[in-house]
Each structure stands twice: as structure tokens, then as C-alpha cells.
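Read-outs throughout are calculated quantities, based only on the coordinates presented, and are distinct from any laboratory measurement. This is a predicted model, so every value here is computed, not measured.
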Amino acid sequence: PTKYPVIDVTTDAVVTCGGHVLLITRGGHPGKGLYALPGGFLSPEERALDGCLRELKEETSLICTPNNLISLGSFIPDAGLIEGRVSLFLARNCEKVISTVNEEVGIGTLYSFSNDELIDLIIEPDFSIFTSFGKRPLFFH
């Protein structure tokens, strides 16, 4: 227990399907053009798991059951912003429900990377998990 409440303000999902990981590119600011995990801000009083399910549907057109979301914990993306954390989930066995993604502000293109492609990006000399993804930065919500 802490003296101050811990607030999860955003949620992100590592989506796996058929040996691939899904990433989006940000269509708007902040982080326009950067790779990102599907996710976003939580609504007031929304639980992180529920927000993750909602964001997956909004940003990727994927439906995932709560049983197929595994919590990977939470982290503070910027040490100067200790009042807000990102809840991270692994999403497995999701199903596509519509053929196109909603016209949500800030959503760009969806990309699917094989595990080998991700490893190739990660082993690049300039890679840092919190600041870049291959030659392009990775944006956390």
C-alpha cells in the first residue's frame, strides 16, 4: 500500500496470432508515424482489462475474451510521470469481427510481424525497447 493512489491511465496489448505480433502505426499526435502496441487511455472508472478489450476492438477490429487476456503487469513509461501507469496485456486467440478498423482518431496502419522479424528488429545495434523499434521509435500510450 502506498500513501497515494496508483492510477493505471492507459492500457496496451501485445497481440499474438499465428506466430505473429500485431503493431499499429500512430496516425496522429503524439507519436504520429511511430509503431505502437494497440491500446489507449482508460475511461474514468474503467478497469484496465475492460479498457484493453475496448481498445483492441476500436483499433484492430479484434474481439478477445477476458480469458484470453493475460496481464503482463504495469509499468511507468516516464519516471517523471509516476502518477500514471500503463497496464500491459498479452492477447491470444482474438477473432476479427469486421473487415476494417474504426475511424478512430490517431490510428494509422496495422502491421503483422513474425517472431523472426521482431527478433531481427530487436537485435539491431540501436534498438532500445522503450525508445525505438528497429529504425522507428515505439510509442507507448
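Taking 0.36 nm per residue of sequence separation and removing the Cα-Cα distance, the VAL97/ASN67 pair yields an extension gain of 9.0 nm.
So what's Rg/Rh here for the range 11-80, counting alpha carbon atoms and using the Kirkwood radius for Rh?
Answer for the range 11-80: 0.95.
Working out 0.36 nm times the residue gap between LEU110 and VAL9, then minus their Cα-Cα distance, what length gain in nm do you get to one decimal?
That works out to 34.0 nm of additional length.
Subtracting the Cα-Cα distance from 0.36 nm times the residue separation, let me have the gained length for LEU49 to LEU90 in nm, one decimal.
Residue separation times 0.36 nm, minus the Cα-Cα distance, leaves 13.7 nm.
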